[in-house]
Structures are given as C-alpha cells and as structure tokens.
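Q: Take a look at this one; I'll ask things after.
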Amino acid sequence: MIRALPFFLAAGVAAALWVHAALTLVPLSDWPAWPFDPDTMTLPQILLAFGQMPRGVVALLVGAALGLSGAVLQAVLRNPAADPTTLGISSGAQLAVVVATIFAPGVLDGGRWPVALAGAGIAAGLVVALGARRAFAPVTMVIAGLLVGLTAASLSTAITLAQGEYLLTLVMWNSGSLVQQDWSTVRGLAAVLAVCAVGAALLARPLRVLSLGEGASALGLNVAGVRLAVIGLAVWLAASVTAAVGLVVFVGLAAPAIARAAGARRHGQVLLVAPLAGALLLSLCDGAVLWVAGAGGEMFPTGAVTGLIGGPLLLWLTMRMRVTVPPQRDGGGAVPRLSRPLPVLALLAGALALAVLALIWVGRVPGGWVVLDAQSFADFLPTRLPRLAAAGAAGAILALAGAILQRMTANPLASPEVLGVSGGASLGFALVVFLVAQPTAGGLLAGTMAGGAVVLAVVGALALRAGATPERLLLAGIALSSLASAVLSAMMSLGDARSWKVLEWLGGSSAAVTPTGAGALCILAVVALALALAMTRWLAVMPLGDGVAGALGLPLRRVRLALILLAGFGTGAATLLVGPLSFVGLMAPHIARRSGFARPAGHLAGSALIGALLMILSDFGARMATFPYELPLGLFASLIGAPYLVWLILRRHA
C-alpha cells in the first residue's frame with residue numbers, strides 16, 4: 001500500500017512556495033491570462049509568464065525525468081545506488097557540452113541535445129563496459145560510475161576556468177540553474193518525458209523477468225537487449241535534462257528511494273511513483289531556493305542544492321549495500337620484485353634531478369622551442385626552479401599518501417583523490433576563503449590539511465562500522481567526494497570574488513608559488529617521507545588483515561589514526577598547490593610496485609620519487625602544451641591520470 005499523504009503534503013508545500021515567489025513579482029489580480037502576449041504586458045508580468053511559470057513546470061519535468069531515469073537504472077542493474085549521477089552519465093553529458101561550447105561552438109547549432117546525448121552515451125558505455133566484467137556487481141558499477149563522473153566534472157571545471165570569456169555562463173549552467181526565458185524547454189522536455197514514459201511502460205514486464213537473475217535467459221528473455229534498451233532510455237532522459245538545465249545531481253538516486261519508502265515494492269509501482277517523487281523533490285528544492293532568494297535575487301542554482309541531499313543519501317545507502325561480488329582473477333600476472341632496490345632508487349633520484357635541469361633549460365618562445373643560453377638560464381632559474389620544486393614536492397607527498405592508503409586498506413584503487421581526501425581538502429580551503437575575511441597562506445594551509453584529515457577519518461569510521469571491505473571504503477570515500485563537490489558548487493555559484501578564488505584554485509597551478517613556499521613544501525615532503533619510513537613495519541603487517549595484525553601486537557586504532565593523519569595532512573598541503581584532482585596519488589604507487597618496489601620502504605621511497613617526476617613533467621606540460629597560455633596543473637595531470645585509472649579498473653576486473 002503506497003502512502004499518499006506525504007506526497008500531498010509535499011505538493012502543497014511546493015505549490016505554496018511557488019505561489020509565494022510568483023506573488024512577489026505580480027499581485028494575483030494582475031496575473032496575465034493565456035495566451036500570453038508580451039506586447040500588452042508589463043515587465044513583471046513578462047517575468048512571471050515567461051520566467052516564473054515555465055520554471056515551475058521545468059522543475060516538475062526535470063525531477064520526473066531524473067526520477068524515471070534512476071528508477072529504470074536501479075531496476076535493470078538491481079542496484080539501489082544507481083542513477084545518472086552515480087553512474088557518471090550526467091557528468092559525461094555536461095563535459096561534452098562544455099567542450100563543444102568552448103572548442104567547437106558550431107556543433108551546437110543544432111542544439112545541445114545531440115552533443116549531451118553523445119557525451120552521456122560515451123560515459124554510460126564506459127561504465128557499463130567496466131561493470132560487465134564483474135557481472136554488474138552493484139559496488140563495482142557505482143565505483144566506476146562515480147570515478148568517471150568525478151573525472152568528467154573536474155575536467156569541466158578546469159576547462160571552464162581556462163576560458164575566462166565563458167566563465168560566468170558555464171559556472172551557473174554547470175550547477176544546474178532552472179532559470180527560464182520562454183516555454184521552449186518545457187515543450188522539449190515534455191516530449192522526451194512522454195516518449196520515455198511509454199518506453200518504460202513497455203519495458204516494465206521485461207524488467208520484472210530480468211529481476212529473476214540467471215533464470216531470465218531460461219525464460220527466453222533477451223537480457224542484453226533489455227539492458228541496452230533500458231540504459232539507452234535512461235541516458236536519453238539524463239542527457240536531455242543536462243542539455244536543458246545543466247547538472248542536477250542525485251534526484252534520480254533519491255526519487256526511487258522515496259518511492260520505496262512510501263510503500264512501492266513492485267517494479268511497476270516504483271516506475272510509476274519515482275517520477276512523481278522526483279518532480280516533487282526538485283520542485284521543493286527550487287521553491288526553497290526562490291524563498292531564500294526573496295527580493296535579493298537568486299543565490300544558489302537549484303542543481304547545487306540537490307547535491308546536498310544526495311551525498312548523505314549515498315552514504316546511507318553505502319552502509320546497506322551488498323558488497324559481495326563475483327570472484328576476480330588477476331589479469332596482471334606476477335609482479336616483479338627487486339632484490340636490490342637502492343640502485344634503482346638512486347637512478348630515479350638522478351633522473352629527477354636531470355629532468356629538473358632539462359625542464360629549466362628548455363622552453364618555448366613565440367618562434368618555437370629553444371634551449372636557453374647560460375645567461376638566460378640564470379635569469380629564468382629564480383622563477384622556474386621554485387615552481388618545479390613545489391610541483392615535485394606536491395607530487396611526492398600525494399604519492400606517499402596514495403602508497404600509505406593502498407597498503408593500509410589492501411586496496412590497489414585507494415588514493416587521496418578516490419577516497420575523498422582531496423575533496424575534503426578542497427572543502428577546507430573553500431571554508432577558510434569564505435569564513436575568514438583576509439585568509440593568510442598559513443590559514444589556507446591549515447584549512448586544507450584539516451579538511452583532508454577529517455574526511456579520511458570519517459571514511460574510515462563509516463567503513464569500520466559496516467565492515468572494512470575495500471569496496472565499501474572506496475564507495476564511502478567517493479560519496480564524500482561527491483558531497484564536497486556539491487558544497488563547492490553551491491559556494492562558487494554565489495559569483496563573488498571568493499567564488500572566483502576557489503574556482504581558480506580548483507584547477508591547480510604552481511605559477512604563483514614563492515621560493516619560501518616551495519622550500520616549505522620540499523621540507524614537508526622530506527618530513528612526510530621520514531615519518532612514512534618510520535611506519536614501514538605497520539604498513540608491512542596491515543595488508544595481512546586485522547586478525548594477523550592484532551595477533552602480532554599491532555595497536556590497530558592508534559596505527560590507523562597515525563596513518564590517516566599523515567595521509568590527510570600531507571594531501572591537504574599538496575592539494576593547496578595542485579588542486580583536488582591529479583591522480584598522482586593513484587598512479588605513482590602502482591608504477592612503483594610494477595617497477596619491483598615490493599617491500600614497504602622501497603615502495604614508499606619509489607612512489608615519492610615517481611610522484612615527483614610525474615608532477616614536474618605535468619607542470620612543464622601545463623606550461624607548454626597551449627603556449628603562451630597555461631593550463632591548470634591539476635587538469636594536465638588528470639589528463640594522464642584519468643586514462644590510467646580506467647585502464648587500471650579494466651585490468652583489475654578482467
């Protein structure tokens with residue numbers, strides 16, 4: 001029995017909020033009559049008829065579309081945490097539109113819809129390909145989808161930042177603004193929703209059969225065809241929403257959960273109630289945005305507000321998800337093991353020093369590439385050396401944090417970026433910017449370090465409460481990353497000087513680093529390496545499991561706390577320079593392990609040297625790739641890290 005009273009109450013509150021916003025524009029007695037004729041209307045009446053009214057309808061249509069998309073995805077994948085946000089579909093559509101807007105605006109002559117559909121389809125195809133390798137296991141799908149989504153969203157932010165002339169428009173659109181100027185979006189979304197609703201109704205029976213699992217094929221169901229049709233329908237809905245209003249997150253996750261909480265149990269009931277729940281949820285959020293805005297103007301796009309709901313909801317679902325997945329086989333073969341790692345470490349250190357010298361000596365001028373003469377080298381040394389030293393130190397710290405986390409959790413996919421540490425550091429940085437009138441460098445550093453440590457502590461506590469499986473730890477971390485991203489989006493949508501400072505920092509850059517700052521970061525890297533090397537016994541024992549570690553007398557709580565603080569504070573300091581996304585913390589430990597650094601001490605030192613080398617190469621590439629303009633450092637590093645991450649998941653799940 002579906003409980004209807006909560007829906008009636010929600011509808012009443014949403015309607016009251018919308019009417020209140022409308023009455024602030026025009027008294028009820030002056031509301032224009034249909035059909036609307038702008039030539040005979042006042043400006044407030046035009047704003048009501050072509051802005052406020054279609055906005056209210058768009059909120060309902062977008063919520064219904066996302067609710068239906070989430071419901072069909074959860075049904076076909078048998079995954080309560082699946083939706084266009086968690087599977088990266090919406091972020092893929094967003095990235096495609098941003099790239100087309102900036103680099104190929106002519107492609108948008110036919111509208112955003114085809115471009116968004118292509119981006120969403122590519123993202124969905126990638127996530128489905130990853131999930132299919134492990135029988136669409138729920139945790140695998142969500143981990144792959146959120147990683148793809150976070151990468152796409154971060155790339156969108158960095159590309160937007162690099163193109164100042166598009167900055168304000170794209171920032172607001174990326175955050176999911178429901179502001180309307182006419183009824184065209186209503187007509188387009190209504191048509192898509194109507195067609196997809198019919199498609200969902202036709203697919204309801206195959207979805208019920210598919211829920212039988214392996215027995216579905218025995219009953220003659222074309223399982224692959226049904227999956228393809230349902231995922232295609234969900235992609236179409238999500239891409240249409242993103243093309244129309246930008247990124248509105250987690251409504252597709254919340255709506256089916258609300259439907260089931262209201263009593264919907266059968267697939268048909270969920271498919272019917274979830275769009276209604278999504279429509280009311282988004283309408284309530286939009287009404288709250290309008291009510292808070294009042295006469296002072298809108299402050300937050302509605303899409304940013306929905307993210308504040310989805311993060312906690314995803315964490316709640318994470319604690320209840322089944323994490324048992326099909327057994328996997330190692331597709332990587334035997335890992336090499338160096339019998340004498342010291343010569344290789346010395347070789348890496350020499351390569352790092354030579355790379356620093358070479359990258360200072362080589363550069364680009366308007367006429368092409370040049371090798372500096374002795375005088376020019378001396379002139380450029382005071383500016384180039386600090387930024388290369390700072391980039392290398394940041395890379396070393398991130399790599400150390402990644403190596404610590406991978407050994408602590410026995411999870412090869414753990415890294416500061418994946419476990420939410422970088423997101424927490426970003427949030428700490430933003431909070432200092434917004435709460436302190438004139439933040440100092442020391443205050444910003446303290447904020448980022450504290451944010452990283454707090455998020456990592458929360459991830460560990462949540463995972464331990466429900467069983468510290470590697471998959472659950474990853475999922476909790478990514479959920480917190482998504483929540484941090486939503487809070488950052490809400491902050492940046494304010495559009496004041498503080499927002500631009502945060503947005504500029506998110507891309508990561510070493511251009512403004514001072515010799516003092518570079519020296520401090522280098523000292524911190526050396527101290528972090530020394531502390532990590534002092535913990536090698538712990539890191540050698542912890543991958544064996546809690547039982548073995550406890551039997552050997554290891555104080556697990558204190559050890560975990562010390563490792564969390566070291567990884568969190570170190571990540572915060574490095575993130576202050578390179579921004580929240582680089583994947584160096586994921587790549588460097590893997591490269592070190594594949595190079596033969598199997599023992600903890602060699603693995604830590606090798607990871608640090610490789611991380612430093614990767615980051616200084618990224619800094620050089622960020623300066624030279626689009627000369628005379630400079631790409632954000634974090635963006636350039638992520639261009640290397642994102643493909644590596646996808647390859648790693650494919651390889652691990654092969």
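The values are calculated or read from the model by the stated rules, or taken from the named source; none is laboratory data. All values reported here derive from a predicted model rather than from experimental measurement. All Cβ positions, even for glycine, are placed from backbone atoms using ideal geometry, and neighbour counts span all protein chains on display.
Q: Could you say whether any residue in the range 399-408 is modelled with pLDDT under 85 and not in a helix (DSSP H, G or I)?
A: No, that holds for no residue.
Q: Using the structure shown, decide if Arg78 is of a type outside the set (Asp, Glu), closer than 27 Å to Gly225 by Cα and surrounded by fewer than 17 Cβ atoms within 10 Å (Cβ to Cβ).
A: So Arg78 passes the test.
Q: Being surrounded by 16 or more Cβ atoms within 10 Å (Cβ to Cβ) and hydrophobic (A, V, I, L, M, F, W, C) is the filter; apply it to the range 541-561 and report the residue that is farthest from Gly517 (Cα to Cα).
A: Ala549
Q: Quick one: is Ser376 among the hydroxyl-bearing types (Ser, Thr, Tyr), modelled with pLDDT of 75 or more and either touching a Leu at 6+ places or on another chain (Cβ under 8 Å) or part of a helix (DSSP H, G or I) (or both)?
A: Yes: the conditions hold for Ser376.
Q: Here's another thing I want to ask about it. If Leu581 meets every condition in (1) in a helix (DSSP H, G or I); (2) at pLDDT below 85; (3) within 22 Å of the chain's Cα centre (by Cα) apart from one, which number is that one?
A: The number of the failed condition is (1).
Q: In this structure, is Val365 modelled with pLDDT under 85 and of a type outside the set (S, T, N, Q)?
A: Considered against the rule, which asks whether it is modelled with pLDDT under 85 and of a type outside the set (S, T, N, Q), Val365 comes out as yes.
Q: Those residues that are closer than 25 Å to Ser422 by Cβ and over 30 Å from the mean Cα position of the chain (by Cα), I need them from the range 536-555; list them, please.
A: First pass over the range 536-555, keeping only residues closer than 25 Å to Ser422 by Cβ: 536, 538-539, 542-543.
Thr536, Trp538 - these are the residues of the range 536-555 that are closer than 25 Å to Ser422 by Cβ and over 30 Å from the mean Cα position of the chain (by Cα).
Q: Further question: List pairs: first residue in the range 511-530 and surrounded by 14 or more Cβ atoms within 10 Å (Cβ to Cβ) and assigned to a loop (DSSP other than H, G, I, E, B), second residue at pLDDT 85 or above and of a type in the set (A, V, I, L, M, F, W, C) anywhere in the structure, Cβ distance under 6 angstrom, at least six positions apart or on different chains.
A: Cβ pairs passing all conditions: Val513/Ala390.
Q: Moving to a separate point now. Out of curiosity, is Leu398 of a type outside the set (Asp, Glu), touching a Leu at 6+ places or on another chain (Cβ under 7 Å) and buried (at least 17 other Cβ atoms within 10 Å of the Cβ)?
A: no
Q: Another question, then. Whether any residue in the range 268-278 is at pLDDT below 85 and either of a type outside the set (S, T, N, Q) or assigned to a helix (DSSP H, G or I) (or both) is what I want to check.
A: There is no residue in the range 268-278 that is at pLDDT below 85 and either of a type outside the set (S, T, N, Q) or assigned to a helix (DSSP H, G or I) (or both).
Q: Restrict the check to the range 473-481 and report whether at least one residue is in a helix (DSSP H, G or I), surrounded by fewer than 20 Cβ atoms within 10 Å (Cβ to Cβ) and modelled with pLDDT under 70.
A: So far as the range 473-481 goes, no, none of its residues is in a helix (DSSP H, G or I), surrounded by fewer than 20 Cβ atoms within 10 Å (Cβ to Cβ) and modelled with pLDDT under 70.
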